[in-house]
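All of the numbers you see were taken from the coordinates with simple rules; none came from a lab. Computed from a predicted model, the values in this text were never measured in an experiment. Methodologically, a virtual Cβ is constructed for each residue, glycine included, from the backbone with ideal geometry; neighbour enumeration extends over all protein chains shown.
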Amino acid sequence: MTRIFSGIKPTGHLTLGNYLGALRQWVEVDQHRADSVFCVVDLHALTVEHDPARVRRLSRQAATLMLAAGLDPARCTLFVQSHVDEHARLSYLLECIASDGEMRRMIQYKEKSVRERERGGSVRLSLLTYPVLMAADILAYGADEVPVGEDQTQHVELTRDLAVRFNQRYGHTFVVPRATPPKVAARVMDLQDPTSKMGKSHESGAGIVYLLDEPEVVRKKILRAVTDSGREVGYDREAKPGVSNLLEILAACEGTGPEALSGAFSSYGELKKATAEAVVALLRPVRERHMELCADPGRVDAVLREGAEKARAVARPTVDAAYRAIGLLPAG
Ligand code: AQP
């Protein structure tokens with residue numbers, strides 16, 4: 001059976017980008033067709049300036065939202081990365097076959113290191129090595145597929161390179177995975193700056209729809225979205241980034257394509273209204289279920305505890321095999 005691994009980083013409140021670009025596909029498709037492993041990748045949240053209490057809170061919130069969105073612990077494994085030591089164990093081995101040049105070429109590193117410097121902080125070494133930890137996350141589970149948004153495909157390419165390199169040098173140990181981005185909304189853009197990604201850790205909240213935003217707030221953000229010059233509603237990412245972003249969001253909500261929708265609106269205002277209502281309707285059940293789960297925190301804890309046990313049982317044999325293959329003496 002195909003195995004899938006993917007994760008969400010608790011660096012901020014989950015966004016519509018996380019939902020359309022990743023979570024929804026995990027819920028609606030992946031958990032039904034494959035042996036699926038989903039993770040709150042909390043160690044990755046420590047790669048930039050962080051507040052410990054906030055990371056803890058956001059980790060729980062992310063897990064709760066993943067359940068609220070419809071991940072079913074009977075169909076998939078859901079856990080928190082730091083609860084399973086195998087991720088950090090394997091990451092070190094992979095650092096021993098990765099080069100610093102490879103790390104410095106990662107687009108997210110380039111972008112985030114600039115942001116950290118602009119904020120006046122230093123750049124943590126873990127920000128540079130984070131793609132290796134992500135490779136360990138994936139390879140520890142022998143994942144065949146990694147459903148991620150477009151922003152993460154470069155990291156999956158790196159994971160493939162590391163798996164092939166390790167296998168060639170030390171004998172076949174890892175499955176070589178591939179990224180499987182969604183067909184629509186693989187890159188949801190910020191509503192106030194449609195040339196940059198809607199990212200949960202970005203400072204301006206006005207262009208970001210959070211999954212837990214009240215319906216009125218969602219409507220306001222979408223109705224105030226930046227659009228483009230001209231009046232015609234057409235899909236063209238380069239020439240009309242704002243309108244195209246709205247068309248992609250609406251298309252993803254309705255399960256259709258953005259080009260097909262572009263003829264349906266005679267003004268930007270109409271498109272915005274339709275998009276706002278579609279997003280409100282899409283998120284309503286997630287918000288409601290999230291509220292129910294918040295009233296029962298013991299349930300979330302139990303899911304995460306069982307998930308970590310299941311995850312450990314899958315990851316440990318692969319990581320142990322990698323330790324032996326690379327030349328480390330097994331403990332007696
Ligand atoms: N805007 C987006 N459009 C489509 N997919 C997206 N994803 C994130 N933003 C968008 C996908 O969501 C999954 C979880 O992402 P992540 O938490 O691992 O981190 P990220 O990709 O770095 O997401 P953010 O929200 O932008 O976080 P920050 O701001 O901290 O960097 C991934 O599959 C991702 O592709």
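Residues whose amide H comes within less than 5 Å of that of Met189, counting only those at least five positions distant or on another chain, are Met198 (H built at 1.01 Å from N in the peptide plane).
Under 5 Å from the amide H of Val37 lie the amide H atoms of Ile4, Phe5, Ser6, Thr77, each residue being 5 or more positions distant or on a separate chain, with H modelled from the backbone and absent for Pro and chain starts. When you filter the GluC sites (Glu not before Pro) in segment 226-290 for DSSP loop state and at most 10 other Cβ atoms inside 10 Å of their Cβ, you are left with Glu238.
Debye-formula intensities of segment 219-322, expressed as log10 I(q)/I(0) at q = 0.10 Å⁻¹, are -0.51 (one equal scatterer per alpha-carbon, no solvent).
Among the trypsin sites (Lys or Arg not before Pro) within segment 129-221, those in coil by DSSP and having at most 14 neighbouring Cβ atoms inside 10 Å are Lys183. Each residue of segment 252-259 was assigned a 3J(HN,Hα) from its phi angle through the Karplus expression (A = 6.51, B = -1.76, C = 1.60, θ = phi - 60°), giving 5, 5, 9, x, 10, x, x, 5 Hz with x at Gly and Pro. Dividing the mean sequence gap of close Cα pairs (under 8 Å, 6+ apart) by how many residues segment 81-177 holds gives a relative contact order of 31 percent. Which aspartates and glutamates does Lys112 reach when only Cα atoms under 18 Å apart count, and residues fewer than 8 places away in its own chain are ignored? Cross-link targets: Asp42, Glu49, Asp51, Asp100, Glu102, Glu150, Asp151, Asp190, Asp193, Glu203. Largest GNM mean-square fluctuation across Gly121, Gly242, Gly142, computed for the chain with C-alpha springs under 10 Å, falls on Gly121. Taking 0.36 nm per residue of sequence separation and removing the Cα-Cα distance, the Ile326/Glu150 pair yields an extension gain of 60.1 nm. Please state the shape class of segment 53-190: rounded when a/c is under 1.5, otherwise prolate if a/b exceeds b/c and oblate if not, all from the C-alpha gyration tensor. Since a/c stays below 1.5, the shape of segment 53-190 is classed as rounded.
Here the sum of -39500 (n - 2.57) over DSSP H runs of 4 or more residues, divided by the residues of the chain, equals -16000 deg cm²/dmol at 222 nm, to the nearest 500. The separation of segment 183-260 from segment 22-50, counted between C-alpha centres, amounts to 22 Å.
Rounded to 0.05, the FRET efficiency of the Glu270 and Glu214 pair, given R0 = 30 Å and the Cβ-Cβ distance, is 0.80. Proximity of backbone amide H atoms, modeled 1.01 Å from N, is registered between Thr15 and Leu211 at under 5 Å, excluding neighbours fewer than 5 places apart on the same chain.
The magnitude of the dipole of the chain, with charges of +1 and -1 set on the Cβ of Lys/Arg and Asp/Glu and taken from the Cα centre, is near 400 debye.
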